[in-house]
Amino acid sequence: MMQSKKYKLALLMLTMQYPAWAQYAPEVVGKCPSDAYIGLSQRNDNEIRHYNYGEQEESGHFYISSKDNGKTWSRVNTPDSLYYADNCNPLTNTMIRLFYDKGVWCIRYNANQDGTAQVTKVTDKPLIMIKPPVFVRGGKRILVATHYAGPDASEKGARVLYSDDDGLTWKESEKVITPPHKKEGFHKGVRWNHGAVEPTVIELNDGRIWMIMRTPQDSHYQSYSYDGGETWTTPTPAPFYGTITMPTIGRLKDGRLLFVWNNTTPLPELASANGVWDDVFTNRNVLHAAISEDDGKTWIGMRELYLDEGRNNANFGDTKGMDKSVHQSQFIEPEPGKIVIAIGQNAIHRKILRFDVAWLYEQARSNSFENGLTDWTTFQYYKGIKGHCGYNRKEGGTLVAHPTSKNRNILNIKHTDNDSLLYAGEGALWNFPAMMKGSFSTSIRIPKSSKGGELILNDRWFNPTDTTASHFGMFKLPLNRQMLGINDDKFHTIRIVWDITNRDTSAKVFVDKQKKAVIELPLQNLPLHGISYVQFITSQEIDPIGFDIESVQATK
């Protein structure tokens, strides 16, 4: 979908109006003191705070504060007795938060005050991962998304707590349940069947409430309420990939919707996975963002908001603490179109970022390893589950000096014999703005002695060594010298052009400056919102030579 003239003009005006927001793409500006799905708040005086409460919080009683739209942060120590809340009811100026502590409790206080809070019991039920309140019907109703985590199987499922008196009293909606994961296809075992959990909700322009949930399936699930969140439709797969990860949706000041999630698919389940607890998390190291101008009907961007800096850590699984990932998020919009977002779990992975939503509208991206592998996913897993549902890792692929250009590097990926790895073949994954119609090109060298590999164009992140990605991709191209008409050891430019607006259209492959396609690739699967990933993967045979990547580029 092309960016509308309305938003092009709005973005130009915002750039002129808020010159302090010089950054465009996401930048890390701080670290949140507790896991990221709660705690981020903007006060009436425009101060931004991230409170130190929630899971895996740091020691001490404090919050971090920013008075320059999230650019810089400072620590503010607090008395033990102070209560704080994330969101303010626009109708009543009341700050409200629900939290779990042997039951669910509600905190209420006037937005212009600190410390004078009313705390009341909401329910004795073990409802956890309680999201910040969402104000609907102009603030007359409050919705708080949560899920049940107790022993009563009949209570399992996502739901909302709702209030029509500014948080004084609360009622519970009916629950929403989703189907279990099954052992089938590539899965030798069953994923952790926790059902529908960690929901996020938004009020649509037509008055419906849209709930998107974390599930053990390959995609998030969705449900709608036509009565303000009291009852819900039978859930169906949502138009977003995501497995056992938390989604977050919110509405911007100009009406657009922003969605933040892990557009990722984990490795197939091991035979030891029995559906009771997750064996290992393998899709939580990258967070994505997309924006909608039509109330969620279509989405723009599907871009990597953040690649976990610790994704290659040799001691990833051994690190102390529980969940270690970037799959949680909460965001605010301190100025129109400007986002401050808290992300991640565990002190070694949590971050605060700023970005301009204009970045989601970019229509091209390129990379020649000027910043190393910062923008790439290449890790491999060592065998053996470590710590809490983790694998230790190593960075796959090797940056080596360019053979003819000084001060440049190329990426070599190969398949060596290494029995300590879960899979010894290497892979490399790179993201670009989602395109239903576009062009991807790469400069690549396939030596004569190389066994080649495969190039896959896809609409989500897979583990770089996951060979099942070839089955789910839109287009796959064998990196075969004979098929591509390559008969030397030089770099050659391979360009793939597609237009999926017509379901029967194949992608055309061009080599160097040839005007006639050397290959036409059949469309294997329809993308949800456009192609946004390239994955290079080596041959499944041992291949110590591999192939070299010099550059990549994608454009509409």
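The values are calculated or read from the model by the stated rules, or taken from the named source; none is laboratory data. For clarity, every value in this text was computed on a predicted model and none was experimentally measured. Neighbour counts run over all protein chains shown; Cβ positions are idealised from the backbone, glycine included.
Of all residues in segment 221-235, those satisfying the criterion of being under 15 Å from residue 157 (Cβ atoms) and either in contact with a Lys or Arg (Cβ under 7 Å, 6 or more places away or on another chain) or part of a loop (DSSP other than H, G, I, E, B) (or both) are 225, 229, 230, 231, 232, 233, 234, 235.
Could you list, in sequence order, all residues of segment 151-208 that are assigned to a loop (DSSP other than H, G, I, E, B) and of a type in the set (A, V, I, L, M)?
Residues of segment 151-208 assigned to a loop (DSSP other than H, G, I, E, B): 151-152, 156-157, 164-170, 173-175, 177-189, 191-196, 204-208.
Residues satisfying the conditions are 168, 177, 196, 204.
Exactly one residue out of 442, 467 is within 24 Å of the chain's Cα centre (by Cα) and on the phi < 0 side of the Ramachandran plot: that is 467. Put simply, of 63, 83, 53 the only residue that is modelled with pLDDT of 95 or more and touching a Gly at 6+ places or on another chain (Cβ under 9 Å) is 63.
Of all residues in segment 346-398, those that are in contact with a Ser or Thr (Cβ under 7 Å, 6 or more places away or on another chain) and either basic (Lys, Arg) or within 22 Å of residue 30 (Cα to Cα) (or both) total 3.
Here segment 304-339 is the region considered, the condition is being touching an Asp or Glu at 6+ places or on another chain (Cβ under 8 Å) and among the hydrophobic types (A, V, I, L, M, F, W, C), and the residue that is farthest from residue 352 (Cα to Cα) is 322.
Grab the strands (runs of 3 or more DSSP E) fully contained in segment 273-350, keeping just those with 2 or more residues being among the basic types (Lys, Arg). So that I can check it myself, show each step before the final result.
Working: elements: 286-292, 300-307, 325-335, 338-345.
Filter on segment 273-350 gives an empty set.
Of the residues 342, 347, 364, 358, the single one that is in contact with a helix residue (DSSP H, G or I) (Cβ under 6 Å, 6 or more places away or on another chain) and either small (Gly, Ala, Ser) or over 25 Å from residue 312 (Cβ atoms) (or both) is 358.
How many residues, within segment 530-556, are in a strand (DSSP E or B) and either more than 25 Å from residue 363 (Cα to Cα) or not hydroxyl-bearing (Ser, Thr, Tyr) (or both)? Summing the residues that are in a strand (DSSP E or B) and either more than 25 Å from residue 363 (Cα to Cα) or not hydroxyl-bearing (Ser, Thr, Tyr) (or both) in segment 530-556 gives 17.
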